[in-house]
Amino acid sequence: MNSKYDHITDPGYNSSHFVTGLRYRVINFLISFNIFRIALAAYRNPYIAFKTLAALIKKKKVILGDLTSLKLIRSSGKYFRAISSPGWPSLSFDRFIQNELNKIRPFRARKSHLQTMIFSITSRCQLKCDHCYEWNNLASNETLSLQELTKILNKFQTYGISNIQLSGGEPLNRFNDLIELIRSAKPGSDFWILTSGYELTLEKAKELKKAGLTGVVISLDHWKEELHNRFRKNDNSFKWVMEAARHALEVDLVVAFSLCTMKDFVTEENLERYLRLAKDYGAGFIRILEPREVGHFAGKKIELEKKQIEILKRFYLKSNSDPGYKEMPLVMYPGYHQRIYGCFGAGNRYLYVDSMGDLHACPFCQDKIGNALTDDLDKAIAKMKRRGCHKFETKSED
């Protein structure tokens, strides 16, 4: 691949570490043993622990469908399966498993189902992306102070959240506040930022890593530079992505690329070329999102058709399960699992807090259900579960 960013793939450039083969099986065994120890500590009875784990494994198989995973991503001594689940070994991982066990057989008073919080910490952004779900909230001034952001974060950490994704707008616009939020957080949560890559310099990447950031999810909406830039309405956007990925990897942050798949993009050739570009530029994960008629896309007929969804499904299963792709990034495609099991948002496993502190089922189900600063979370989440997702059935696990 000839590009002005070819220096990123020079020998010695730090890229994601893929764990496959025998090492994958060994690490997978150790993770499974750790999960059993967590179950045993929770229930204090080997029979109940085994029975609960068997139910957890059965549910996992239903959710995964035809997927067979062959790899893990290693970063800073931890192993990752997905953007939405914490790295192992860590307190965040243990909390994640405890929450999953508690869904099946409660062992503590609070039956928290939440695993992930998507938290918009700013309404400012340099881009005018076609698909921006926060379009209606974008502004030049911030609504929430650092103190208010911290209060919201503390409420959700107390609630048991193990995965926190800080978004915007562009979260790097509030870099000092971003650092303080991560640095002052309680133990037990992995932190990611969802970013365009804007001004993610090596110095900023080092500060984020030192503060405790786990990884970065960088929006990349085409393998062609000019088409990505057109989608983002900025001639520098592709360059920001590549530089951000390089700087993040140099300090051993996990790197993921996030792709919004438009109708004209969804072909086998485009998906393959995107996957190889992500591999060349060091990404460990690709997250595929389907466009929704919300924000800047409100009122537009942009949702994928059945034939395009089928192409994405085949690509997702092949890229993760085919031995020929074992050195390629892990692909996350939430739409695949949602069609099998139902929505994971709406207070089930995750929810969205916008830049005004308002609670939503997810970034694409923008129907305010309370405020994270002023309302009781238990009541707001219960209401959110009753209302559910606007597109997919939400499974009740109460």
- What's the FRET efficiency of D66 with R105 using the Cβ-Cβ distance as r and R₀ = 25 Å, to the nearest 0.05? 0.35
- Taking K155, K186 and counting other beta carbon atoms within 10 angstrom, the fewest-first order is K186, K155
- Note down the magnitude of the dipole of the stretch 17-104 about its Cα centre, charges +1 on Lys and Arg C-beta and -1 on Asp and Glu C-beta and zero elsewhere, to the nearest 20 debye. 80 debye
- Task: Among DSSP beta bridges lying fully in the chain, give the percent that are antiparallel, nearest 5.
- Result: 25 percent
- Item | Top positive-direction residue, dipole computed over the chain with Cβ charges, set F265, F364, F96 | F96
- Query: Shape call for the chain from the C-alpha gyration tensor, a ≥ b ≥ c root eigenvalues: rounded (a/c under 1.5), prolate (a/b greater than b/c) or oblate?
  - Reply: rounded
- Item | Flagged links, alpha-carbon separation over 23 Å, of K263/K318; K71/K206; K58/K103; K155/K385; K239/K279; K103/K209 | K71/K206; K103/K209
- Using 7 Å Cα-to-Cβ label points, what is the K307/T201 separation (nm, one decimal)? 4.9 nm
- Message: Defining a contact as two alpha carbons under 8 Å apart and six or more residues distant in sequence, what relative contact order in percent does the chain show?
- Response: 18 percent
- Magnitude of the Cβ-charge dipole of the chain, K/R +1 and D/E -1, about the Cα centre, nearest 20 debye? 1720 debye
- Going down the list K78/K210; K233/K301; K59/K313; K204/K326, which pairs span over 24 Å between their C-alpha atoms? K204/K326
- Note on the structure: Counting every C-alpha pair in the stretch 201-351, the percent lying more than 20 Å apart is 54 percent
- Item | Segment E268-S32, extension gain: residue separation times 0.36 nm, minus the distance between their alpha carbons | 81.5 nm
- Item | Protection proxy ranking, peptides 362-374, 206-218, average beta carbon neighbours within 10 Å, highest first | 206-218, 362-374
- Query: On the first, second and third principal axes, largest extent first, how far apart are the outermost C-alpha atoms of the stretch 178-244 in Å?
  - Reply: 41, 21, 15
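Each value in this text was obtained by applying a stated rule to the coordinates, not by laboratory testing. Just so we're clear, the structure is a prediction, and the values are computed from it rather than from any experiment. Please note: Cβ atoms are built from the backbone with ideal geometry, for glycine as well, and neighbour counts cover all protein chains shown.
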